[in-house]
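The values are calculated or read from the model by the stated rules, or taken from the named source; none is laboratory data. No experiment lies behind these values; they were computed from the predicted model shown. Cβ atoms come from the backbone with ideal geometry, glycine included; neighbour counts cover every protein chain shown. For accessibility, only protein heavy atoms count, side chains too; no ligands or nucleic acids. Shrake-Rupley method; radii C 1.70, N 1.55, O 1.52, S 1.80 Å.
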Amino acid sequence: MASAVRAARMAPRLSVLVRPAVARTTPSVCQRAAFSVSAGRFKSEVIKETEVPVSVYNPDAKGVASGNADHFSIPVKPRQRAPEPVVEEDEEVVPLEEKVYSQLPKTLQKMSVHGKVIIITGGARGLGNYMARACAEAGAKAIAIFDANQELGDESAAELHQKTGLPVSFFKVDVRDGHAIDAAVKNVVDLYGTPDVLVNSAGIADSNIPAETYDPAMFRRLIDINLTGSFLMSQSVGRAMMAAGKPGSIILVASMSGSIVNYPQEQSCYNASKAGVIQLGKSLAAEWAKYQIRVNCISPGYMDTALNKVPALDAQKKIWKSLTPQDRLGNVDDLNGLCVFLASDASGFMTGSNVIIDGGYSLY
């Protein structure tokens, strides 16, 4: 008897849980034909106008709705592709003056680097040099350029000083040399005070080399410059900040290649080195948060720097652009805004982030 009652109670539940299988069917020929006709009809209704009729209804002088309208047409022009922005190499650099800074709203003051001492590696040319200019414009107190190229470094430092009037110094430093880095950072402290910001932009790229033929010595060199150099610079500047009890921001320039694999060129070593930089940045951010030292990464996509302006890369550049939603390479100043933001107090609650600036390349 009890079992019969239980069965009766379960019957409604089972009827809900157990449903007849539904056969998967494909549209019939008639259905497909109807759909095709319908789709074709709607497609044919799209009319490309040469002008757009407009009717504008305005209330009268007393604010009462009126039945009268102004009727006119506006011409339709074909869409034109926006021209790519062009950056002038010798453009003027105007530093943020104290008087102007004092008149800025609080939010914009926080987005500046007013009064900050900034070290920029790889600052003799290219992206690093333009980020140095941006920091000067955003109110830096002093800028120290670290680079392995003596001639270009001196020239860039002199030019930036002449254009801005700011204290600018150049240190010939190979980022693989920890002792040279420590000596240079100590001298920056003596000259200007403890650095507030490090922008580590020094790096090299080996490309179009299959992994099976890659020279191990070249592999070690690239890792030493891109990854070990990022660590040694961060370590030295970080220790200076800790010794002074001073909050700071460290910005490591990585690459979208640390998150994706590029096409069509083979560059496994470069990709691995930049992936290491991103993970290094996250790890340092976790370790040094207790010292109020923030560490973030900028990951550029394909940038139109002097190194990429060679005929041998023309064919690949067409492919790179075709795979980038914005259909262009980055300009040398396209990292400037993010660099200043990460260096400024406006990003005070941001650490361990990796921000990709690639025109949308990594979306695909």
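If you take all other residues with their beta carbon under 13 Å from the beta carbon of L152, and give Lys and Arg +1 and Asp and Glu -1, the sum is -3. Working value for segment 98-357: equivalent-ellipsoid semi-axes of 29, 20, 18 Å, each the square root of 5 times a Cα gyration tensor eigenvalue, largest first.
Add +1 for every Lys or Arg and -1 for every Asp or Glu among the other residues with Cβ under 14 Å from the Cβ of Q316, and state the total. Neighbourhood net charge equals +1. Given R₀ = 30 Å, what would the calculated FRET efficiency be for E155 paired with R328, taking r from the Cβ atoms and rounding to 0.05? It comes out at approximately 0.55. Per-residue accessible area (protein heavy atoms, 1.4 Å probe) orders L232, L323 as L323, L232, starting from the largest. Residues V310, V113 ordered from highest to lowest accessible area at a 1.4 Å probe: V310, V113.
The largest accessible area among R328, R221 belongs to the first residue in R221, R328, and the rest follow in falling order (1.4 Å probe, all chains).
Label sites at L307 and D177, each approximated as a point 7 angstrom past Cα along Cα to Cβ, lie 2.0 nm apart. Projecting the Cα atoms of L222, S347, G281 onto the charge dipole of segment 98-357 (Cβ charges, centred on the Cα centre) puts S347 farthest toward the positive pole.
Taking all protein chains as they are arranged and a probe of 1.4 Å, the heavy atoms of E97 leave approximately 110 Å² accessible to solvent. Would you kindly calculate the translational diffusion coefficient of segment 102-154, applying Stokes-Einstein with the Kirkwood radius from alpha carbon pairs, for 25 °C and a viscosity of 0.890 mPa s, and quote it in µm² s⁻¹ without decimals? So the translational diffusion coefficient is about 209 µm²/s.
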